[in-house]
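Chemist: Have a look at this one.
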């Protein structure tokens, strides 16, 4: 109903189909039309009552209800129904040639921009939001920026033609909740562990099996190297690599691989390990992923062993990690070789700074020494290094 949407936008109003459909005709009434109502809920029984107009409900006057004071569940944004009838309405008549709209535009109450916060989003806006969430996986902030456009830019924010719409009252919290519900609807099972197990079964049936290793918590190994059967029952491990990532890793192994671990990435406290390559433009590309409840070398070595079994002819030239020795030790164990290893620049400098801080008493001398060492570290040409 483009006509209805257009009128609502111009008048800051909303017409709801309150009385259903009769003889194929649809009737739309102003959202402020109707009695003033509020829900009154008993804490003990959960029974809901409705109060008409401005009358109050006596907490002791209803049989079977507790005499304790009941809570009123009122919308924090306020109430639209104020107890009178609005004469504005629309009737959509079903004709043989199509639909005919009878519109009575006059409202017998003031209309404010603030009324927009009580109104539902249009069908077009809902479709746009769902498309961004499902197709693009856009964040809530990104969706809001897309819907609002440049309306509130410095150039336009003081324009006399600026007109608020319902889109301006969309909150990040509401979008995040919608995204969460949509994700829950797509979940294979309400229990997370069962949903993961079912998803792994689907992945194993694909033309290319992306699962490197999978061991549910409290259960035996489902997929992975035979040696991983030695993992304790309380360990959860899930390693993944797509076909494209496998091809990229074979190429990247000839130069440098980066292994990075992140802790407490979900509500279960699991850790995330990524194998990454960086190209000549300093852009990173993920090559393999591991989610695990433990990140010690005797656990994650099975992940690297699974990678080695998938690509037995691959020789890793060099790897960059942080200062956690478990990463390089587990790679050496998994690949069965001593891999050339260097620390990342940030961790290397932090280690040097920590050593200087513990051995140099004067702050100014410590800062000067650290800066001079950084010049040496950042020097990428041998000739320049020798000159220094």
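None of the figures in this text is laboratory data; all of them are computed from the coordinates on show. As the structure is a prediction and not an experimental result, all values here were calculated from the model. Here the Cβ positions follow ideal geometry from the backbone for every residue, glycine too, while neighbour counts run over all protein chains shown.
Chemist: For the stretch 156-299, what is the largest minus smallest coordinate of the Cα atoms on each principal axis, given in angstrom and ordered from greatest to least?
Modeler: So the three principal-axis extents are 71, 44, 32 Å.
Chemist: Round to the nearest 0.05 the FRET efficiency obtained for residue 209 and residue 314 when R0 = 25 Å and r is the Cβ-Cβ distance.
Modeler: With R0 = 25 Å, the Cβ-Cβ based efficiency is 0.90.
Chemist: Hey, what's the per residue convex hull volume over the C-alpha atoms of the stretch 105-147, in cubic angstrom?
Modeler: With only Cα atoms used, the stretch 105-147 gives 94 Å³ per residue.
Chemist: Right, another one. Take 180, 154, 204 and order them by how many other Cβ atoms sit within 10 Å, fewest up front.
Modeler: Starting with the residue having the fewest Cβ neighbours, the order is 154, 180, 204.
Chemist: A follow-up question, please. Stretch residue 263-residue 193 to full length: gain in nm at 0.36 nm per residue minus the Cα-Cα span?
Modeler: Separation in residues times 0.36 nm, less the Cα-Cα distance, equals 23.2 nm.
Chemist: Something else now. What ranking do 136-143, 85-92 get when scored by the average of other Cβ atoms within 10 Å per residue, highest first?
Modeler: Top to bottom by mean Cβ count within 10 Å: 85-92, 136-143.
Chemist: When the expected Rg is taken as 2.2 N^0.38 Å, what fraction or multiple of it is the alpha-carbon Rg of the stretch 116-177?
Modeler: 1.17
Chemist: Order by neighbour count: 211, 342, 363, fewest other Cβ atoms within 10 Å first, most last.
Modeler: Ordered from fewest to most neighbouring Cβ atoms within 10 Å, 211, 342, 363 come out as 363, 342, 211.
Chemist: Could you tell me what fraction of 2.2 N^0.38 Å the Cα radius of gyration of the stretch 305-388 comes to, as a two-decimal ratio?
Modeler: 1.48
Chemist: Percent of Cα-Cα pairs per 5 Å bin, from 0 to the last occupied bin, for the stretch 160-244, please list those.
Modeler: Distribution as computed: 3, 12, 16, 15, 14, 11, 8, 6, 5, 4, 4, 3, 1, 1, 0 percent.
Chemist: Separate question: Could you tell me the distance between the Cα centroids of the stretch 355-379 and the stretch 116-176, to the nearest Å?
Modeler: 50 Å
Chemist: What distance in nm separates the simple spin-label points at residue 342 and residue 164, each placed 7 Å from Cα in the Cβ direction?
Modeler: The answer from the label model is 5.7 nm.
Chemist: Hey, another quick one. Roughly speaking, what is the stretch gain from residue 16 to residue 283, that is 0.36 nm per residue apart minus the C-alpha to C-alpha distance, in nm to one decimal?
Modeler: Full extension from residue 16 to residue 283 adds 91.0 nm.
Chemist: Taking the Cα-to-Cβ direction at residue 180 and at residue 126 and moving 7 Å from each Cα, how far apart do the two end points lie in nm?
Modeler: 2.1 nm
Chemist: Give me the mean projected area, in nm² to one decimal, of the convex hull enclosing the Cα positions of the stretch 334-377.
Modeler: Its average projected convex-hull area is 4.2 nm².
Chemist: For the stretch 226-290, what D do you get in µm² per second when you plug the Kirkwood radius from alpha-carbon pairs into Stokes-Einstein at 4 °C and 1.567 mPa s?
Modeler: In µm²/s, the coefficient rounds to 96.
Chemist: Based only on other Cβ atoms within 10 Å, what is the fewest-to-most ordering of 350, 178?
Modeler: With the sparsest Cβ surroundings first, the list reads 350, 178.
Chemist: On a full-extension model of 0.36 nm per residue, what is the gain between residue 219 and residue 97, subtracting their alpha-carbon distance, rounded to one decimal in nm?
Modeler: Result for the pair: 37.4 nm of gain on full extension.
Chemist: Just need the Rg to Rh number for the stretch 239-371, please, alpha carbons only, Kirkwood Rh.
Modeler: Computed over Cα atoms, the ratio is 1.05.
Chemist: Taking just the alpha-carbon atoms of the stretch 253-295, what radius of gyration and Dmax come out, in angstrom?
Modeler: Final numbers for Rg and Dmax: 12.1, 37 Å.
Chemist: Compute the projected area of the convex hull of the Cα atoms of the stretch 88-201, averaged over all viewing directions, and report it in nm² to one decimal place.
Modeler: For the Cα atoms of the stretch 88-201, the hull's average projected area reads 12.7 nm².
Chemist: Mind jotting down a quarter of the surface of the convex hull over the alpha carbons of the stretch 289-353, in square nanometres, one decimal?
Modeler: Approximately 4.8 nm², given one-decimal rounding.
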